[in-house]
Amino acid sequence: MSAHRSSARAGYSMLELLISVALLGLVLGSVALVSKTSQGVYRQSSQASALEARARQTLDRVVDVLSTMVRTMSFPDPAAPGWTDTLDFQQAAGVVGGALTWGPPLRLELELDDGELDDGVDNDGDGRVDERRLVLVREPGTVAERRTVLCRGVRALAEREVANGADDTGNGMTDERGFCLQRQGDVMRVLLTLEDTDDGGRPIVCSVTTSLRIRN
C-alpha cells in the first residue's frame, strides 16, 4: 500500500514538471514575441523620425532658395486653387542705383527618379511606385546648367491623394504631387511627401508643409 502511494506521488511530480516546463516555454515564447515586436516598433519609429527629419531639411532648403524670390519673376504662378511641381524663378541679388538686380535663372523641378517610369509599377524594385526626386536647376537650358538633387523618395502623389480629379485631402488642391507649390495672396505654401520602406518592407510615409511670404 505504501509503495503504491509513493508511485502515485512520483507520477504526479512528473506531470507537474511537464506542465511547468510547458508553461515556462509559453512564457518565454511570449516574452520573445513581445521583445521582437517592441524592437520592430522601435526601428520603424526611428526610421519614420529619420524620414521626417529629411523632409524638414529639404523644406528648409526650398524656403532658403525661394526667400528672395519676387512673384513677378517666377513662372508659372501657382495661384490657388492651382499648384505646380516645377517653378522657374530668379533671386534678388542686390540693389544697384536704387534698382533690384537679379541672379541667374533657377528652377525647382520634380522629376522621376532613376529607373522609374510613370506607369504605376515599382520599376526599380525598391518597394516604391513612381517615386520622384526634387532637383534644383541653376541656369536651366543653358550650357552652364547645373543640377543639384535636394531630395529623393518623393511620393508620386501627396499622402491620401488619389489621381481621380478630386480634392481627396480637403486642402484645396486636386491630384497634387508629393511636392507642390501653391500661392495664396503673398504667401507661398510648400508641401512635401516622402515615402520609404522599413526593415520589414512596410511603407513609411511622411508629409510636411511650410509657407513663406513672397514679394510682389
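The values are calculated or read from the model by the stated rules, or taken from the named source; none is laboratory data. Note that this is a predicted model, so its numbers are computed, not measured. Every residue, glycine among them, receives a Cβ derived from its backbone with ideal geometry; neighbour counts consider all protein chains shown. What goes into the accessible areas is simple: the full protein's heavy atoms, side chains included, and nothing from ligands, DNA or RNA. Shrake-Rupley method; radii C 1.70, N 1.55, O 1.52, S 1.80 Å.
Worth a mention:
- Solvent-accessible area of the chain (1.4 angstrom probe, protein heavy atoms only): carbon and sulfur portion equals 56 percent.
- Packing order of peptides 180-193, 46-59, highest average first: 180-193, 46-59 (average count of other Cβ atoms within 10 Å over each peptide's residues).
- Paramagnetic label reach from Val63 (point 7 Å along Cα→Cβ; backbone nitrogen cut-off under 13 Å): within the range 168-189, residues 188-189.
- The residues packed around Asp167, meaning those with a beta-carbon under 13 Å from its beta-carbon, carry a net charge of -3 if Lys and Arg are +1 and Asp and Glu are -1.
- Under conditions of 20 °C and 1.002 mPa s, the range 83-206 yields 132 µm² s⁻¹ as its translational diffusion coefficient, taking Rh as the Kirkwood radius over Cα pairs in the Stokes-Einstein equation.
- Note on the chain: Kirkwood radius taken over Cα pairs, Stokes-Einstein applied at 4 °C and 1.567 mPa s, translational D equal to 61 µm² s⁻¹.
- Taking the empirical scaling 2.2 N^0.38 Å for compact globular proteins as reference, the range 97-141 has a Cα radius of gyration ratio of 1.81.
- Mean residue ellipticity at 222 nm, helices only, the chain: -11500 deg cm²/dmol; runs of at least 4 DSSP H residues each add -39,500 (n - 2.57), and the sum is divided by the number of residues.
- Cut-off 17 Å, label 7 Å out along Cα→Cβ of Asp114, residues of the range 126-145 by amide N: 126-128, 130-136
- Tilt relative to the chain, helix 2-66 - C-alpha long axis, 0 to 90 degrees, to 10: 0 degrees
- Near Pro104, once Lys and Arg are set to +1 and Asp and Glu to -1 for all other residues with Cβ below 14 Å from its Cβ, the sum equals +1.
- Column: log10 I(q)/I(0), Debye, Cα scatterers of the range 127-166, q = 0.15, 0.26, 0.31 Å⁻¹: -0.53, -0.86, -1.01
- Highest average packing first - 207-214, 97-104, 156-163, Cβ atoms within 10 Å: 156-163, 207-214, 97-104
- Antiparallel content of DSSP bridges confined to the chain, in %, to 5: 95 percent
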